[in-house]
C-alpha cells in the first residue's frame, strides 16, 4: 500500500512539475553539446501562404478579425485568405462578403469545423496553410515569425502562442492565464528539445502538402492534424513571437465545458495516435508525448484521488509522521480549492485561491471528459464557450 501511494504521488508530481524540471535540464544539456536552436535563414524567399478562418455565428467579432488579418505583415502577393462560414445563421457571411480580398465559402448546412476545414483545404494552392480562430487576434508580425521556420525542411508545422486576456474577474478563470503561461514555457522547451506535441487551433500552420484529412468525428482537429505530421517524422515548432490573443472564459461553467470537451478529444486522439507511443520509432517524441499529454489526459486525475485515499488509510494504520504531514498538505490544498468555490459564488476576489480551484477543476474536467468520450456523448461539432 505504501509503495502504491508513493507511485501515485510520483506520477502526479511528475505530470505537473517533474516533467517541466526534467525538460529544462535536458534542454540545458542539449545546448551544451549542440548549441541553442537558431532560426533558419530563408534568404528572403518567403513561401506562399493561405490563411483559413472557420467562423460560425461570429458577427460580433468577424469584422475586427478581418481587419486584424488583412493588416498582418507579409508580402501581399504571397498571401491569400479563406473564411468559411458554414451553418452560420447570423450576419457573419454577409459581413465577410463585403471584403473582396477574402474568398468566402459558405453553405447553409452546419457539419462541424473539420468539415469546413476540409472544404477550404481543397481550395488551397499555397505552400503553407495557417489556421486561426475567428475570435482571436494576431500580432502584426505573426505570419513572418511563423513562416521563417519553413526554411528548415524538417519542420512540418509551426504553432503560435495562445495568450489569454483575463480581466480582474471574481472567479477561477483567473487561473486560466497562469495555466497558459506555464504551458507556453513547457512548449518552448519541448520545441527546443525536439518538437511540440500538438498545436492549438487559435494559431497554427502546416506545410500544405503534408495535410492529412482527419475523420469527420474528430473532436480536436487541430491537435490531430499537427500530430499526424509529427508522426511522419516532421517537427512541430513552437513560435511564441507569433501569438493569438483571446478573452478568458465568461465563467467557470463555460471554462469547465470547454475543458471537458478538450479532455474527451484528448482521449480520442490518444487512441487514434498509437504510433506516437512507440519509443523505438521516435524515442524523444514518444517521451515528450507521454509526459506532456498522455499522463495528463488519462491516469493522473485518478491517481490524485487514489493518493488521497491511500494517504488516509496509511495514516489511520499508524504509519510514520511523514504520511501525516503529506495528508495535512493535501487536505489544506483541497480546502483552499473548496474555499475558492465559495468565494467565487459570493464574488470575493482572492486570486491566490483560484489557482488550486482551477487546478482541481481542470483535473475533474479530464475525468468527466474521459467518461463522456466512452459513453459516446461528446459531439465533434464545436459548441462555443462564451468569452469575455
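Worth a mention:
- CD proxy at 222 nm, helix term only [per DSSP H run n ≥ 4: -39500 (n - 2.57); per residue of the chain; nearest 500]: -15500 deg cm²/dmol
- Modelled spin-label separation between residue 309 and residue 3, with each label point placed 7 Å from Cα along the Cα-to-Cβ direction: 2.0 nm.
- Set of the range 84-109 residues, backbone N closer than 14 Å to the point 7 Å along the Cα-Cβ line of residue 126: 84, 101-104
- On Cα atoms only, tilt of 321-345 relative to the major axis of the chain in degrees: 50 degrees
- Of the beta bridges in the chain, as assigned by DSSP with both residues counted there, near 30 percent are antiparallel.
- Packing-based exposure ordering (other Cβ within 10 Å, fewest first) of 180, 6, 189: 6, 180, 189
- Between helix 300-316 and the chain: long-axis angle, C-alpha atoms, 0 to 90°, nearest 10: 10 degrees
- Efficiency of FRET between residue 111 and residue 332 - r from beta-carbon atoms, R0 41 angstrom, step 0.05: 0.25
- Annotation: extensible slack from residue 151 through residue 32 equals 40.4 nm (criterion: 0.36 nm per residue apart, minus Cα-Cα distance).
- Helix 221-231 vs. the chain, principal-axis angle (Cα, 0 to 90°, nearest 10): 90 degrees
Bear in mind that the values in this text are calculations on the coordinates, not laboratory data. Predicted model, so just to flag it, every value in this text is computed and none were measured. So basically every Cβ, Gly included, is an ideal-geometry build from the backbone, and we count neighbours across all protein chains shown.
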